[in-house]
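Comments concern the structure below.
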Amino acid sequence: MVDSKVVHITTLKAVIHPKLKIAYAISQHCNFLWTIQWLERIQTESSQANALNSKWSITIDIKEENAWIQSGATLGELYYAIANKSNVHGFPAGSCPTVGIGGHFSGGGFGTIFRKYGLASDNVIDAQIVDVNGKILNRKMMGENLFWAIRGGGGSSFGVITAWKVKLVNVPSVVTVFNIPKSLEQNATTLFMKWQIIANKLPNELFLHSVMGLDAKSSSDGGKTVAVSFTGLYLGKQKNLVPLMENNFAELNLQHDNCTEMSWIQSVLYFAGYSINGSLKVLLQRNKTSTSFKAKSDYVTKPIPMSGLEGLWNMLLEEKNPTLIMSPYGGRMSEISESETPFPHRNGIIYGIQYLVDWDSNEETPKHMDWIRKLYAYMTPYVSMCPRLAYMNYRDLDIGVNRENTSYEEAKSWGMKYFKSNFERLAQVKNEIDPSNFFRHEQSIPPLSA
């Protein structure tokens, strides 16, 4: 038995599974560190692995408005393939182009147009999976229970998903992007209070998230202050956006000069941090150097009061490079039942939070880990409760992990936070598909025995 290890998976091209007799690829996932316990059950055969083609197949059918994507592809490669076929089609998934589509789709997957079209997993219409017996199954062959489970419940608990079929969505030829940063001295607190009230109630075509961090004070004392950036994507032209914002969020004072019109694929570049006038081929880059970081997540169901925000600002000022990303829900997300897929965070969610902190030196790790856990503890009274919810694609081993032969009841300590009551159905599907728990890891779904 190999001890649990934390490993980089950015250079591993493929593994050959001796029981399933297949080769499958592992793509880069934003340089995440994954803890892998099942390495001892995988036989690596480099000669076969090196023979695999590193170009993952993406087949776009504009006439039928769908696409087949192999799981080794990245979001950037999918967006690039769509843009090469059409300037009025897109797909509702994440903003980081190096994320592999396999894990992203199977965990839900949200992005800048999910208030209009739902999650990536909400737009999956077929898939191919290799089960524990080595059988290759499509949607019809796997059945609706398993198809339900892999669209938000994490595919790695049930088998090896080799490909996904998704429906593309229609996007306008012109969209509008804006970004308005405000510091505490520029009334950021009051603006964020208003944002909490209106962000999930705005028209589905408008995504307006807020990002918190630190900035230099405008005064000459050289100190730091908290800054909140209000960044939006509107599926339409600025002539319609500006009056919409005036009617809903006049305090932000959005002007035409703040807005930039572009194509949808240019907005993908923008939110990924690239120049909107650069080559789309940047979306094909897989190697992205990253510092060490830790992420956690929360969901907010009622606005954080002013007193809570004041304490939050003090917490942020204790850290060198903190980031909080607040993503508004509502829109299409409120129209889909929380049991439609395993992803339960639907109606009643105002916004989700991603907490991030990064650092350069390994010696700094304990300090920054302690800080983000302290921040997470501070936020307890202001976020969802019973259970305190979390987003599965922001894997957080702090909330609980499986041990050897972990039971369903024991795994509920973390499973209910990701899936709420859907966790029980996931465990039932696991018992039907993989009762011996062959596919397992620290937060895999355990089988629910009768």
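The values are calculated or read from the model by the stated rules, or taken from the named source; none is laboratory data. Fair warning: this is a prediction, and the values are worked out from it, not measured in the lab. Using ideal geometry, Cβ is built from the backbone for each residue, glycine included, and neighbour counts are taken over all protein chains shown.
Determine whether VAL174 is hydrophobic (A, V, I, L, M, F, W, C), out of contact with any Lys or Arg (no Cβ under 6 Å at 6 or more places or on another chain) and at negative phi. In short, no.
For the range 312-330, indicate whether the set of residues that are at positive phi and more than 21 Å from the chain's Cα centre (by Cα) is non-empty. Within the range 312-330 (the criterion being at positive phi and more than 21 Å from the chain's Cα centre (by Cα)), the answer is no, since none of the residues qualifies. Screening LEU202 on (1) more than 24 Å from SER263 (Cα to Cα); (2) at pLDDT 95 or above shows it passes everything except condition (1). For the range 194-233, the set of residues classified as under 20 Å from the mean Cα position of the chain (by Cα) and of a type in the set (Phe, Trp, Tyr) consists of PHE207, PHE230, listed by residue number. Within the range 78-111, being among the small types (Gly, Ala, Ser), in a loop (DSSP other than H, G, I, E, B) and within 21 Å of GLN354 (Cβ to Cβ) holds for ALA93, GLY94, SER95, GLY107, GLY108, GLY109, GLY111.
This table checks each residue for (1) aliphatic (A, V, I, L, M); (2) closer than 14 Å to GLN196 by Cα.
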position	(1), (2)
ASN314	no, no
TYR329	no, yes
PHE343	no, no
TYR351	no, yes
LEU356	yes, no
PRO366	no, no
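Please work out if GLY352 is in contact with a strand residue (DSSP E or B) (Cβ under 7 Å, 6 or more places away or on another chain) and buried (at least 21 other Cβ atoms within 10 Å of the Cβ).
Taking the combined requirement at face value, the residue satisfies it.
Conditions tested, residue by residue: (1) aliphatic (A, V, I, L, M); (2) under 22 Å from ILE101 (Cα atoms).
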site	(1), (2)
VAL268	yes, yes
TYR274	no, yes
LYS281	no, yes
LYS288	no, yes
SER297	no, yes
LEU309	yes, no
LYS320	no, no
SER334	no, no
SER337	no, no
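On the stretch given as the range 331-345, residues that are surrounded by 21 or more Cβ atoms within 10 Å (Cβ to Cβ) and more than 16 Å from HIS209 (Cα to Cα) total 5.
Restricting TRP313, TRP264 to residues that are more than 30 Å from THR380 (Cα to Cα), modelled with pLDDT of 95 or more and in contact with a strand residue (DSSP E or B) (Cβ under 9 Å, 6 or more places away or on another chain) narrows the list to TRP264. Exactly one residue out of LEU202, LEU168 is under 30 Å from TYR274 (Cβ atoms), assigned by TED's automatic domain parsing to the domain that holds ASN347 and surrounded by 18 or more Cβ atoms within 10 Å (Cβ to Cβ), and it is LEU202. Note on the range 137-165: among residues that are among the β-branched types (Val, Ile, Thr) and not in a helix (DSSP H, G or I), the one that is surrounded by the fewest Cβ atoms within 10 Å (Cβ to Cβ) is THR162.
Within the range 112-128, if we keep just the residues that are without any contact (Cβ under 8 Å) to a residue 60 or more places away in the chain and not in a strand (DSSP E or B), the residue that is surrounded by the fewest Cβ atoms within 10 Å (Cβ to Cβ) turns out to be ASN123. Suppose we keep only residues that are of a type outside the set (A, V, I, L, M, F, W, C) and part of a strand (DSSP E or B) within the range 310-330. Which one would you say is surrounded by the most Cβ atoms within 10 Å (Cβ to Cβ)? Across the range 310-330, the extreme among qualifying residues is PRO328.
I'd like the full set of residues that are among the charged types (D, E, K, R), part of a strand (DSSP E or B) and under 21 Å from THR323 (Cα atoms), limited to the range 259-301. Spell out the reasoning first.
We begin by selecting, within the range 259-301, every residue among the charged types (D, E, K, R); these are 261, 281, 286, 288, 294, 296, 298.
Keeping just the survivors that are part of a strand (DSSP E or B) gives 261, 294, 296, 298.
Across the range 259-301, the qualifying residues are LYS294, LYS296, ASP298.
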